[in-house]
1. Taking Cα centroids, how far is the range 266-283 from the range 144-205 in Å?
2. By how many degrees, 0 to 90 and rounded to 10, does the Cα axis of helix 233-247 deviate from the longest principal axis of the chain?
3. Rounded to the nearest 10 degrees, what's the angle between the helix 108-122 long axis and the longest principal axis of the chain, both from Cα atoms, 0 to 90?
4. Percent relative contact order of the range 1-151, based on C-alpha pairs within less than 8 angstrom and at least six residues apart?
5. Relative to the longest principal axis of the chain, what angle (0 to 90°, nearest 10) does the C-alpha long axis of helix 21-32 take?
6. What is the distance, in nm, between label points placed 7 Å from the Cα along the Cα-to-Cβ direction at residue 155 and at residue 40?
7. Report ³J(HN,Hα) in whole Hz for each residue of the range 188-198, in order, from the Karplus equation J = 6.51 cos²θ - 1.76 cosθ + 1.60 where θ = phi - 60°; Gly and Pro get x.
8. Averaging sequence separations of C-alpha pairs under 8 Å and six or more residues apart, then dividing by the length of the range 108-344, give the relative contact order as a whole percent.
Amino acid sequence: MNDLDTLVQSAAEAFAAALTPADLENAKARFLGKSGSLTDLLKGMAALSPDDKKTRGAAINQAKQQVEAALTSRRQALADDELAQQLRAESLDVSLPGRRRGEGGLHPVSLTLERMEAIFGSMGFAVADGPEIETDWFNFTALNTPADHPARSMHDTFYVEGGHLLRTHTSPMQVRYAVQHVKRHADALARGERIPEIRVIAPGRTYRVDSDATHSPMFHQCEGLWIGEAVNFTDLKAVFADFFRNFFETDELDIRFRPSFFPFTEPSAEVDIAFASGPLKGRWLEVGGSGQVHPNVVRHFGLDPEKYIGFAFGLGPDRLTMLRYGVNDLRLFYEGDLRFLSQFQ
Ligand code: DAH
């Protein structure tokens, strides 16, 4: 084998060993570049006789063509490889079923809240909304809750910076709403005229330091307030009867008031219901608190407790959701597990 054959062969080997276009260009420079081996050979011809130049020149050119041909074919091979690899990586199986967009739905507790708004709405209750970060005044003081009341302790209440807290119940909405209502009718009040009744519910999130199968640090309440000149416990019982029978879609349901204590109502009662049939048949189930609004609270509304009277109530939408769907662990509602949540759609 002469020197040219050796050179062509080692070029072919170097090209074959190049696995990327960049490697290949480096290998090319070694043979065909300005100071590559072939270029050196051409330079070396200067010293030859004219006859030798002819034969040597032709031989070198032939070798150069062979090297260039090897380069071109290796370039093509690398490009083909790259394309094949890309096709493999991006291949589509057009026979696979399409990816569907999941259908969203409302959370079961949201379904309950919507249901409560619709039923109370049909009884003439407005729906109000208010802040979850509350002041001590609205959450406690305005609601006749004294400074030494246990509900104010750190064990029960999440305090945040700036003297605020996460509302422990929706009851502050009684005061917020009533104050606005009174403001709207201030002129009529000043003239001694009667003003429209306050009839409102305020559903929303509430927070307490509490966590077990039936308590979550974040939970829901639905406050209710009905204030007028002659609103009494009979009205309250009728409202509850209508509400619960509608909510649970059964007339076979009993309601009872159990004497209790809340600082902002007097007298106060716990509300229990019992189903006449079904798995919970005959068991009294606590669903909320209620009572006649305390005169001190009515005063904080900006009204004269000698003229205005009524009741307030607080229902537990989480509990109502558990009862309606037969769920026995509250935490399931807040784990975000779609296998659980999608059953309510
Ligand atoms: N705020 C009370 C609680 O969180 C529930 C409650 C009881 C609300 C009696 C009321 C009421 O409006 O009259 O335990």
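Nothing in this text is a laboratory measurement; each read-out follows from the coordinates by a stated rule. Quick caveat, the model's predicted, so the values are computed rather than measured. No Cβ is skipped: glycine too gets one built from the backbone with ideal geometry, and neighbour counts run over all protein chains shown.
1. 28
2. Helix 233-247 sits roughly 30 degrees off the main axis of the chain.
3. Taking Cα atoms only, the helix is inclined about 40 degrees.
4. Values: 57 pairs, mean separation 30.1, N = 151.
RCO, the range 1-151: 20 percent.
5. 20
6. Inter-label distance under the simple model: 9.2 nm.
7. Once θ is set to phi - 60°, the couplings for the range 188-198 become 4, 4, 5, 7, x, 7, 6, 10, x, 4, 8 Hz.
8. Dividing the mean separation by the residue count of the range 108-344 yields 21 percent.
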